[in-house]
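Contents: one structure, followed by commentary.
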Amino acid sequence: VNYGINITQVSGDNIINTAMINEIKRISKPNSKKNFKIKINSNYEKKIISKDLRGSASDYQLIATVNIQIVENDYVSSITFEEKQNIKKSSDSFDQINYENTIKENFAASFVRKLNLELSTK
């Protein structure tokens, strides 16, 4: 990475946003000649994709979408990334929440890798 990234606005899912911000800070070079300003808007959705015989949810699909607005000088562009993953319901709700949060963090890391590729071509 040979550029700086300044995050000007963040909205949406807190876990995804925090993970993205941390990853962007790690890769960004603030003293570079080339700098981008970005706005992040993330969305997280958990859909039931199957139920057991009693009608309780047994499988979910986790969907995360992020829209990133990139400003370089006076040029503004926007990109959207989406990640999906199917999971089984866990009998332990604490483990389920931790697992979903880990998946959100993985989604965020994937979004930043894709953003990095996008910015490296500008």
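Structural remarks
- Inside the range 77-98, residues that are surrounded by 15 or more Cβ atoms within 10 Å (Cβ to Cβ), over 24 Å from K33 (Cβ atoms) and not acidic (D, E) make up a count of 4.
- Applying the condition of being among the aliphatic types (A, V, I, L, M) and assigned to a helix (DSSP H, G or I) to the range 80-116 and asking which residue is farthest from the chain's Cα centre (by Cα) yields I97.
- Every pair of residues 6+ apart whose Cβ atoms lie under 9 Å, when the first sits in the range 9-36 and is over 18 Å from E82 (Cα atoms) while the second is of a type in the set (A, V, I, L, M) and part of a loop (DSSP other than H, G, I, E, B): I27/V1; S28/V1; K29/V1; S32/V1
- Of the residues examined, E72 is not one that is open to solvent by less than 90 Å² (accessible area, probe 1.4 Å), over 11 Å from the mean Cα position of the chain (by Cα) and at pLDDT 95 or above.
- Positions within the range 99-122 being among the charged types (D, E, K, R) and either open to solvent by 80 Å² or more (accessible area, probe 1.4 Å) or in contact with a helix residue (DSSP H, G or I) (Cβ under 8 Å, 6 or more places away or on another chain) (or both), in sequence order: K104, E105, R113
- Note on the range 1-41: residues that are open to solvent by 20 Å² or more (accessible area, probe 1.4 Å), closer than 25 Å to I97 by Cα, of a type outside the set (S, T, N, Q) and in a strand (DSSP E or B) amount to 1.
The values are calculated or read from the model by the stated rules, or taken from the named source; none is laboratory data. It should be emphasised that the depicted structure is a prediction, and the values quoted were computed from it without experimental measurement. Methodologically, a virtual Cβ is constructed for each residue, glycine included, from the backbone with ideal geometry; neighbour enumeration extends over all protein chains shown. Note: accessible area is taken over every heavy atom of the protein model, side chains too, but ligands, DNA and RNA are not part of it. Shrake-Rupley method; radii C 1.70, N 1.55, O 1.52, S 1.80 Å.
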